[in-house]
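These notes concern the structure reproduced below.
Only the coordinates and a few stated rules stand behind these numbers; no lab work does. Computed from a predicted model, the values in this text were never measured in an experiment. Note: ideal-geometry Cβ built from the backbone for every residue, glycine included; neighbour counts use all protein chains shown.
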Amino acid sequence: MALYRIADVVVKMSPSYEETAHWYEPYLTEEVVTPDYELTVSQEDIDYFVENGLNITPAIAENMLLSSKFNRRLLKYFGAFIHSSALLFDGRVYLFSADSGVGKSTLTSRICRLYPDRASVINDDKPSIRMIDNKCIVYGTPFAGGTDKQINTSAELGAVVFIERGDENEISRIPSSMAIKLLLAQMHKPKTPAGNDRLLGILSQIIENYPFYLLKCTDSDEAVCVALEATKQV
């Protein structure tokens with residue numbers, strides 16, 4: 001088994017498939033340390049996902065299972081995944097979150113195209129967040145969905161932007177009550193009351209210290225200018 005440092009947590013894993021191992025390669029560590037925990041998945045579970053999923057390969061199934069287990073364990077370290085496209089822009093990470101198909105990846109790709117020297121996507125599906133020393137740090141992870149767009153790096157959160165399709169481009173700050181509802185809709189829920197309490201505690205700290213926005217946008221370059229209004233508030 002190999003050691004991987006993901007979101008500053010050392011995990012012991014042994015991917016069964018070459019493609020999975022390739023996705024995880026940037027997170028390999030040669031540190032001589034005791035792993036924080038070990039993750040394994042059974043071939044039976046992988047086969048079940050392949051048989052019952054839609055166009056799911058064994059490698060994707062393995063990645064999905066390991067991703068889910070990692071996310072559950074990360075809660076112990078005051079962390080979790082947020083389904084979003086994580087954009088590193090001028091030293092901060094901005095999370096653009098929405099239901100699948102709305103266009104968050106299209107928007108962050110467009111920002112990177114227009115600002116190649118200032119912007120990069122560090123994860124296009126499941127970036128992790130952790131509260132460390134009262135700061136929310138966002139990490140790239142190898143769990144990047146179908147695009148495999150990810151970078152092993154991290155930076156402090158700048159803002160969270162929820163996206164909706166609209167006839168015009170406009171962005172507005174949203175209240176805490178709306179932010180928590182939208183956040184929870186893009187996260188996996190813990191299976192225990194204690195886990196739920198910890199997750200809500202983490203999210204409460206983030207909402208208290210970082211701005212949240214609702215972006216209504218068209219599929220256009222003009223939407224980029226409006227989206228980047230969030231970066232000017234930091």
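The dipole here belongs to the chain: it is taken about the Cα centre, uses +1 on the Cβ of Lys and Arg and -1 on the Cβ of Asp and Glu, and is about 760 debye. What is the Cα centroid distance between region 1-43 and region 108-140, reported in whole angstrom? Value for the Cα centre distance between the two parts: 22 Å.
Which of the GluC sites (Glu not before Pro) found in region 95-199 are in a DSSP loop and have at most 10 neighbouring Cβ atoms, other than their own, within 10 Å?
Answer by residue number: 168.
Positive-end ranking of 193, 22, 116 along the dipole of the chain, with charges on Cβ about the Cα centre, is headed by 193.
Bridgeable lysines around residue 216 (alpha carbons under 26 Å apart, same-chain partners fewer than 8 residues away excluded): 104, 126, 149, 181, 232. Applying the Karplus relation 6.51 cos²θ - 1.76 cosθ + 1.60 with θ = phi - 60° to region 11-24 yields 3J(HN,Hα) values of 10, 9, 9, 9, x, 7, 10, 4, 5, 4, 4, 5, 4, 8 Hz, where x marks Gly and Pro.
Please give me, ordered by residue number, the trypsin sites (Lys or Arg not before Pro) of region 139-234 that lie in loop per DSSP and have at most 15 other Cβ atoms within 10 Å.
Loop-located and lightly packed - 191.
For the chain, what does the helix formula give at 222 nm: sum of -39500 (n - 2.57) over DSSP H segments with n ≥ 4, over the residue count, nearest 500 deg cm²/dmol?
Working: 7 runs with 78 residues, N = 234.
After summing the helix terms and dividing by the residues of the chain, the value is -10000 deg cm²/dmol.
Using the Cα gyration tensor of region 1-103, with a ≥ b ≥ c the square roots of its eigenvalues, what is the shape: rounded (a/c below 1.5), prolate (a/b larger than b/c) or oblate (neither)? Don't skip to the answer; put the middle values down first.
On the way: a/c = 1.79, a/b = 1.06, b/c = 1.69.
Taking the square roots of the gyration eigenvalues as a ≥ b ≥ c, region 1-103 is oblate.
Values (i) 24; (ii) 31; (iii) 42 are given for comparison; percent of Cα pairs over 28 Å apart, derived from the coordinates here, is the one labelled (ii).
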